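J.: Below: one structure in structure tokens.
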Number of protein chains: 2
Amino acid sequence: MDLLTPWGGSRIGLDQDEMRRHNRGAFLRLVHLSGGISRAELARRMDLNRSTIKQLTAELSAAGLVREVSQTDNRHQGRPSPIVRPETQRIHVLAFDVAVDRLVAARIGLGGVILDRKVAARHRSGVDLDYVVTTLAELGRQLTEAAPSTSTCVGLGASYCGMIRPDDGVVRFGPDLGWVDQAFGAELARRLGLGQRVLVGNEAHLGALAEHLRGAGMGVQNLVYLHGDVGVGGGIIVGGTVLDGDAGYGCELGHMVVNPHGGRPCGCGSSGCLEAEAGERALLDAAGRPAGVFGRDAVRAVADDAAAGDADARDALDYVGDWLGIGVANLINLFNPAVVVFGGMLRDVYAGVLPRVRSRVARNVLPVAKERVRLSVSALGDDTTLLGAGELGFSRLLRDPFSATPQVSQTAW
Amino acid sequence: MDLLTPWGGSRIGLDQDEMRRHNRGAFLRLVHLSGGISRAELARRMDLNRSTIKQLTAELSAAGLVREVSQTDNRHQGRPSPIVRPETQRIHVLAFDVAVDRLVAARIGLGGVILDRKVAARHRSGVDLDYVVTTLAELGRQLTEAAPSTSTCVGLGASYCGMIRPDDGVVRFGPDLGWVDQAFGAELARRLGLGQRVLVGNEAHLGALAEHLRGAGMGVQNLVYLHGDVGVGGGIIVGGTVLDGDAGYGCELGHMVVNPHGGRPCGCGSSGCLEAEAGERALLDAAGRPAGVFGRDAVRAVADDAAAGDADARDALDYVGDWLGIGVANLINLFNPAVVVFGGMLRDVYAGVLPRVRSRVARNVLPVAKERVRLSVSALGDDTTLLGAGELGFSRLLRDPFSATPQVSQTAW
């Protein structure tokens, strides 16, 4: 509860330097997330006076991070407040996504705009670290070569489906590709050779972050994101921050046991996990698809068949929807989120599973906690995890705009 | 993950006033939580220089909130750094606890010391708002009368077993006493007549807070607390803050469905909830106790019988332990906590259920998430929720030491 937040706040003191750093970061975050915001609105949102905002605008403009433009819209009375825009064409990150069926790299400009992207297909299994980093580094090289020389790369972020050690980007456990303790972040950084760290995040954590900042959860501080691919991953925003837990391994909602006695075996070694009962294989099995049939198209075919009136496909969606609903109800009781977002493969089955999910929520969630909760499909589609990786890439710049851009800050001071 | 926290931070700007307020609050929190801390240690923990710490000490001493004493321990070399202590005898809150079998009020001094306490028994059911607030207000009156005239009351906090609206302390849903939308906080404040708000929190949220600040989770930023009484409540600390969710109703882990098909009916109207399978009634039923037998002594009797070799009691603890273990494993997968704390009635069965809980954790938790997690019994015993209510009472003072104590700050300026 808000009353208890003083306890959660930093016990670290603030000095003038830290205060200025904080204000520059907060200012740049607002510009980055809005894509353009008036000085008057910045003053209101930051609760700072106009002269401080003017000074911050001047500092960050001089550093080449933002640009001030006159407001052309004159519908409002009075002198229009200048608009501060991010320098999208001058400041970028490289974002990488190890998706279930492809490897993606993108150049994303400040403001969250995907400026360029390269994609390579990948097999679902038998893909080792060397193949992944070699391919991604080549895509990254192509992006860098194609980038204008006037644009500066301020960070590198990558999304991976697995449990990631935040400090060094090691994939501790990635059941999708069978990776255990693979130095993904360090190896990708080495191959890229840009002299920068690659920050690596769990794909569902990053998907949650992107939906929170730019998608179905904008303006919401508490959000649960379920990401379906082979399994069911989770990212949970608590009070505006990704729940990471003690070591970065939180949010594993796919391994919440919902069917403890006699449940389907799960890839994690347990059984009755949410992803075992409601993941891709469970759906395809329930729809009577043979073992060799899998992937996004197969999942869509079940959804299409059900929509066309096929009873087996309809039953399969109901079966999966019921398990998914039990999981979602549990998550609502635990997190009291404003919105639950379904992303990845779950977008394709969303309409089909919704009746059963709603029914379980109605039955299992405590009366007060379901008053305002909303269910939603991901708003960012296939770019959710990629955009989240981009935000991870920008995180250092946004925490401390000057120290993260030595080459940029030199022009400022 | 820590890399993503810049997003969770406030987007509000800081000015000089806010910076000073923050520093005073952070300083007073450290003194309050430590009970006494050297100026050198304050400088180190707050990452501020010694002259700023000296100034903060002077300001808060003048306000009557802390007191500087010479360090008598001279084992360390060099000039000893003065110790800053909270003014425990001059600054207090009143804390109230609506526990399952009693009503408790306490006067708690700055530093978290229980200075005085009054207790009234209560029946388990048929207790209405009027009875509770009348009784608590009378206990509060006795505490106030007995308090020295030199001590100032800076806040009022109360713990209640139910879903509480943080803004006004309304009990939205309190299944224990069958309360729905009862204006507990406002009514208790009115009866106390001290001209101060009563801040009300869910008992398990407050238990989690107290264990985090002063108990089994000290120094830990991610903690799951399970509080057993009639049901099983939950409080979860995420990144050092109580998880409240969108409207204050998060952490309802007792209503996580663990046995969806054929589970025991739950007081919430659903079935198969963790508290239905592992709460007091489940344990007593499993041990063959008749319906009229309930309460703490009955639970302890089962634990004692099991320890003495009674097979039925042993089986009952195994049964409950298995369900509890499924719930705990799910919570570890979701929250990646450093510690899981068992409080309330669960302390009495802790030793008895531990083997099954451990076995489920070993089987169901993902390998990486269980590397460091610790299981623990509550360290604060029966005072957990009361101390949490005290911390809630102190929260305003600790957020802004001067504005929360008008009577005190007058002496300072």
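The values are calculated or read from the model by the stated rules, or taken from the named source; none is laboratory data. Quick caveat, the model's predicted, so the values are computed rather than measured. All Cβ positions, glycine included, derive from the backbone under ideal geometry; neighbour counts span all protein chains shown.
J.: Just to verify a result, which residue in region A:50-62, among those that are of a type in the set (A, V, I, L, M) and under 18 Å from A:LEU110 (Cβ atoms), is nearest to the other protein chains (Cβ to nearest Cβ)?
T.: This residue is A:LEU56.
J.: Taking B:GLY217 as the residue in question, decide whether it is within 17 Å of the chain's Cα centre (by Cα), assigned to a loop (DSSP other than H, G, I, E, B), facing chain A (nearest Cβ under 8 Å) and surrounded by 23 or more Cβ atoms within 10 Å (Cβ to Cβ).
T.: It is false that B:GLY217 is within 17 Å of the chain's Cα centre (by Cα), assigned to a loop (DSSP other than H, G, I, E, B), facing chain A (nearest Cβ under 8 Å) and surrounded by 23 or more Cβ atoms within 10 Å (Cβ to Cβ).
J.: Moving on to the next point. Collect the residues in region A:25-65 that are touching a residue at least 40 places away in the same chain (Cβ under 8 Å) and aliphatic (A, V, I, L, M), keeping them in residue-number order.
T.: A:LEU28, A:VAL31, A:LEU33, A:ILE37, A:ALA40, A:LEU42, A:LEU60, A:ALA62, A:ALA63, A:LEU65
J.: Now, a different point. Restricting attention to region A:230-248, and to residues there that are more than 15 Å from the chain's Cα centre (by Cα) and not aliphatic (A, V, I, L, M), which single residue is nearest to A:PRO337 (Cα to Cα)?
T.: A:GLY239
J.: Can I ask one more? Cβ contacts < 7 Å: first residue acidic (Asp, Glu), restricted to region B:277-297; second residue part of a helix (DSSP H, G or I), any location; separation 6+ or different chain. Result?
T.: B:GLU277/B:TRP323; B:GLU280/B:VAL299
J.: Among the residues of region A:121-130, is there at least one that is assigned by TED's automatic domain parsing to the domain that holds A:ARG396, part of a strand (DSSP E or B) and in contact with a strand residue (DSSP E or B) (Cβ under 8 Å, 6 or more places away or on another chain)?
T.: There is at least one residue in region A:121-130 that is assigned by TED's automatic domain parsing to the domain that holds A:ARG396, part of a strand (DSSP E or B) and in contact with a strand residue (DSSP E or B) (Cβ under 8 Å, 6 or more places away or on another chain).
J.: Let me ask something else about it. Tell me which residues, restricted to region A:312-355, are assigned to a helix (DSSP H, G or I) and touching a Gly at 6+ places or on another chain (Cβ under 6 Å).
T.: Within region A:312-355, A:ASP312, A:LEU317, A:PHE335, A:LEU346, A:VAL353 meet the criteria.
J.: Next question, about the same structure. Pick from A:GLY267, A:GLY235, A:GLY248: which is touching an Asp or Glu at 6+ places or on another chain (Cβ under 9 Å) and assigned to a strand (DSSP E or B)?
T.: A:GLY235
J.: Still on this model: I'm trying to understand the selection: among the residues of region A:366-387, which are assigned to a helix (DSSP H, G or I), away from chain B (no Cβ under 14 Å) and in contact with a Phe, Trp or Tyr (Cβ under 9 Å, 6 or more places away or on another chain)?
T.: A:THR384, A:LEU386 - these are the residues of region A:366-387 that are assigned to a helix (DSSP H, G or I), away from chain B (no Cβ under 14 Å) and in contact with a Phe, Trp or Tyr (Cβ under 9 Å, 6 or more places away or on another chain).
J.: Kindly establish whether B:VAL200 is over 21 Å from the mean Cα position of the chain (by Cα) and part of a strand (DSSP E or B).
T.: Criteria not met by B:VAL200.
J.: List pairs: first in region A:322-340 and touching a residue at least 60 places away in the same chain (Cβ under 8 Å) and of a type in the set (Gly, Ala, Ser), second crowded, with 24+ Cβ neighbours inside 10 Å and in a helix (DSSP H, G or I), Cβ under 7 Å, 6+ apart or cross-chain?
T.: The qualifying pairs are A:GLY327/A:LEU253; A:GLY327/A:LEU274; A:GLY327/A:ALA278.
J.: Tell me which residues, restricted to region A:257-270, are more than 9 Å from chain B (Cβ to nearest Cβ) and either surrounded by 23 or more Cβ atoms within 10 Å (Cβ to Cβ) or more than 24 Å from the chain's Cα centre (by Cα) (or both).
T.: The answer is A:GLY262, A:GLY263, A:ARG264, A:PRO265, A:CYS266.
Conditions (1) modelled with pLDDT under 95; (2) within 21 Å of A:HIS212 (Cβ to Cβ); (3) buried (at least 24 other Cβ atoms within 10 Å of the Cβ); (4) away from chain B (no Cβ under 14 Å), marked per residue:
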| site | (1), (2), (3), (4) |
| --- | --- |
| A:ALA313 | no, no, no, yes |
| A:ILE326 | no, no, yes, no |
| A:ASN330 | no, yes, yes, no |
| A:GLY343 | no, yes, yes, yes |
| A:TYR350 | no, yes, no, yes |
| A:LEU354 | no, no, no, yes |
| A:ASN364 | no, no, yes, no |
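J.: Tell me which residues, restricted to region B:14-49, are within 7 Å of chain A (Cβ to nearest Cβ) and under 23 Å from B:SER403 (Cβ atoms).
T.: B:LEU14, B:ASP15, B:MET19, B:HIS22, B:ASN23, B:GLY25, B:ALA26, B:ARG29, B:LEU30, B:MET46, B:LEU48
J.: Out of (1) facing chain A (nearest Cβ under 8 Å); (2) farther than 23 Å from A:LEU274 by Cβ; (3) crowded, with 24+ Cβ neighbours inside 10 Å, what's the single condition that is false for B:LEU243?
T.: Only one criterion is unmet by B:LEU243, namely (2).
J.: Of the numbered conditions (1) closer than 26 Å to B:PRO337 by Cα; (2) more than 14 Å from chain B (Cβ to nearest Cβ); (3) of a type outside the set (D, E, K, R); (4) surrounded by fewer than 24 Cβ atoms within 10 Å (Cβ to Cβ), A:GLY279 fails exactly one; give the number of that condition.
T.: Result: A:GLY279 passes all but (4).
J.: Any idea which residue in region A:59-69 is surrounded by the fewest Cβ atoms within 10 Å (Cβ to Cβ), counting only those that are touching a strand residue (DSSP E or B) at 6+ places or on another chain (Cβ under 9 Å) and either basic (Lys, Arg) or part of a helix (DSSP H, G or I) (or both)?
T.: A:SER61
J.: Just name the residue that is surrounded by the most Cβ atoms within 10 Å (Cβ to Cβ) out of those in region B:180-202 that are under 23 Å from B:ASP244 (Cα atoms) and of a type in the set (S, T, N, Q).
T.: It comes out as B:ASN202.
J.: Scanning region A:146-175 for residues that are under 24 Å from A:GLY343 (Cβ atoms) and not in a strand (DSSP E or B), which turns out nearest to the chain's Cα centre (by Cα)?
T.: A:CYS161
J.: Considering only region B:229-238, I want to know if a residue exists there that is more than 10 Å from every other protein chain (Cβ to nearest Cβ), crowded, with 24+ Cβ neighbours inside 10 Å and at pLDDT below 95.
T.: Yes, the conditions are met somewhere in region B:229-238.
J.: Quick one: is A:VAL339 within 9 Å of chain B (Cβ to nearest Cβ), at pLDDT 95 or above and surrounded by fewer than 24 Cβ atoms within 10 Å (Cβ to Cβ)?
T.: For A:VAL339, the condition - within 9 Å of chain B (Cβ to nearest Cβ), at pLDDT 95 or above and surrounded by fewer than 24 Cβ atoms within 10 Å (Cβ to Cβ) - is met.
J.: Shifting gears a bit: Exactly one of (1) crowded, with 24+ Cβ neighbours inside 10 Å; (2) within 14 Å of another protein chain (Cβ to nearest Cβ) is unmet by B:TYR319. Its number?
T.: Here B:TYR319 meets the rest and fails (1).
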